[in-house]
Amino acid sequence: MDFEKLYSERALSMRASEIRELLKISQQPEIISFAGGLPSPDSFPLDIIRKITKEILENDGEKALQYGPTEGLMELREIFAEYLKKDGITATYENVLVTVGSQEALDLTAKVFINKGDVVICGLPSYIGGINAYRAIQSRLEGIPLDNDGMAVSLLEDRIKELQKNGHTLKMIYIIPTFQNPAGVVLSEDRRKHLVEIAQKYHLIIVEDDPYSKLRFEGKSLKSIKTYDDNVLYLTTFSKILSPGFRVAFVVGPKEVIRKLVIAKQSTDLCGPVLPQLISYHFIKDNHVDKHIPLITKMYKRKKDIMMETMEQYFPPGIEWTHPQGGMFSWVRLPESINTMIMFQDALKEKVAYVHGAAFYVDGSGTNTMRLNFSNPSDEKIEEGIKRLAMVIKRNLK
Ligand SMILES: Cc1ncc(COP(=O)(O)O)c(C=O)c1O
């Protein structure tokens, strides 16, 4: 059968995540990979999870193995709403939807808000899974450049006016304000406020994707964009602070929007798996979250420092990179003459991998950039991998 003729327009517009494809190559054991966005395996609180799981299976086993509500377990929604108060976010369980990873939340927001051709504004660069979720629904993605203070919000209003003048329907701003993936930068407080003003003025939904703010190892925390406007859809996940394999994440938003997202979720997967939700609930209830996070940030600061020091020592002149205060990534800018997608083959020969930057740019630019992950490789591998990468870069500069 000629399936190509049968695929929907939507399926034809979908693209494979370049990172997922890369991961397949870079997971070969001899390759040192800075490509993925994986937490360190040493960050998983295995003993605590073992204990909690045993207790759940003994006391609540039937519930753990049954279907659950589409919204997520009531006790988890309640305790999470309570937990958010510490971050200045006011919510009740009715404002909280539990999703199968933030990736599902991105997909649901796309389904619920976006018609073909609607404009979604995102960072230039931006998280590839977000780009792909909005692209799959045939939105028009418009990128706003980033600098060291995150998205250049001052450019936003003119771009909005121009798009409106050309007859486009604008719906959404998709932003990762804290330790941005891929760039590692943080949106400044002034820009957070300005962004909210613009979104209110032009009736745009802000989707604030926040997997990383808890992973701050230096500097001062900033309030989330959600604290400035209740209409913001705030997405966060347990993937980076507990376990990505649990696929437990949260959308916090106005009740009526949560209701729509729930209906969309019903046709996606009925409900998320119950056992990981129960484990997550006990993890919060027994006060493990705030005890566990400092263990992770201490580890990631050390890894980040090793990466920065080794780059400083071995990278040739003319190369810039971000010095993140948290999260998992540094963003490297090479001279324009280097195309990191082409250089990747050479890197593989030296058994080192990264993600080439153009994958994160909706306008195809960024060909001289790359993303490096420091959370997943061991300390020794970070040092060795950066030395190998330095060699590859030097060779490609010639
Ligand atoms: C910015 C961003 N959003 C969403 C996700 C998806 O996370 P989850 O594991 O919760 O689906 C990631 C994962 O790396 C991410 O970096």
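The values are calculated or read from the model by the stated rules, or taken from the named source; none is laboratory data. Computed from a predicted structure; not experimentally measured. Glycine gets a Cβ as well: all are built from the backbone with ideal geometry, and neighbour counts include every protein chain shown.
Residues being within 21 Å of the chain's Cα centre (by Cα), among the hydroxyl-bearing types (S, T, Y) and either away from the ligand (no atom under 11 Å from the Cβ) or not assigned by TED's automatic domain parsing to the domain that holds I79 (or both) are represented in region 273-288 by at least one member.
Results for (1) under 30 Å from Y300 (Cβ atoms); (2) hydrophobic (A, V, I, L, M, F, W, C), shown as yes or no for each residue.
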| position | (1), (2) |
| --- | --- |
| S102 | yes, no |
| F113 | no, yes |
| C122 | yes, yes |
| V153 | yes, yes |
| K161 | no, no |
| K165 | no, no |
| M172 | no, yes |
| G184 | yes, no |
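Being touching a residue at least 24 places away in the same chain (Cβ under 8 Å) and farther than 30 Å from P145 by Cβ is a description that applies to I279.
Candidates in region 217-243 are the residues that are outside any loop (DSSP other than H, G, I, E, B) and within 13 Å of the chain's Cα centre (by Cα); of these, the one that is farthest from I205 (Cα to Cα) is T237. Picking from residues in region 219-264 that are hydroxyl-bearing (S, T, Y) and more than 16 Å from the ligand (Cβ to nearest atom), the one that is farthest from T70 (Cα to Cα) is S221. Give the residue that is surrounded by the fewest Cβ atoms within 10 Å (Cβ to Cβ), with candidates limited to residues of region 262-301 that are among the polar types (S, T, N, Q) and closer than 30 Å to A110 by Cα. The extreme case among them is S267. Could you say which residue among A91, A105 is touching a residue at least 40 places away in the same chain (Cβ under 8 Å), closer than 24 Å to I293 by Cα, within 27 Å of the chain's Cα centre (by Cα) and away from the ligand (no atom under 15 Å from the Cβ)? Testing whether each residue is touching a residue at least 40 places away in the same chain (Cβ under 8 Å), closer than 24 Å to I293 by Cα, within 27 Å of the chain's Cα centre (by Cα) and away from the ligand (no atom under 15 Å from the Cβ) leaves just A91.
On the stretch given as region 329-366, residues that are under 19 Å from A16 (Cβ atoms) and part of a loop (DSSP other than H, G, I, E, B) total 5. For region 136-151, does any single residue satisfy the condition of being more than 23 Å from Q180 (Cβ to Cβ), within 16 Å of the ligand (Cβ to nearest atom) and assigned by TED's automatic domain parsing to the domain that holds D209? There is no residue in region 136-151 that is more than 23 Å from Q180 (Cβ to Cβ), within 16 Å of the ligand (Cβ to nearest atom) and assigned by TED's automatic domain parsing to the domain that holds D209.
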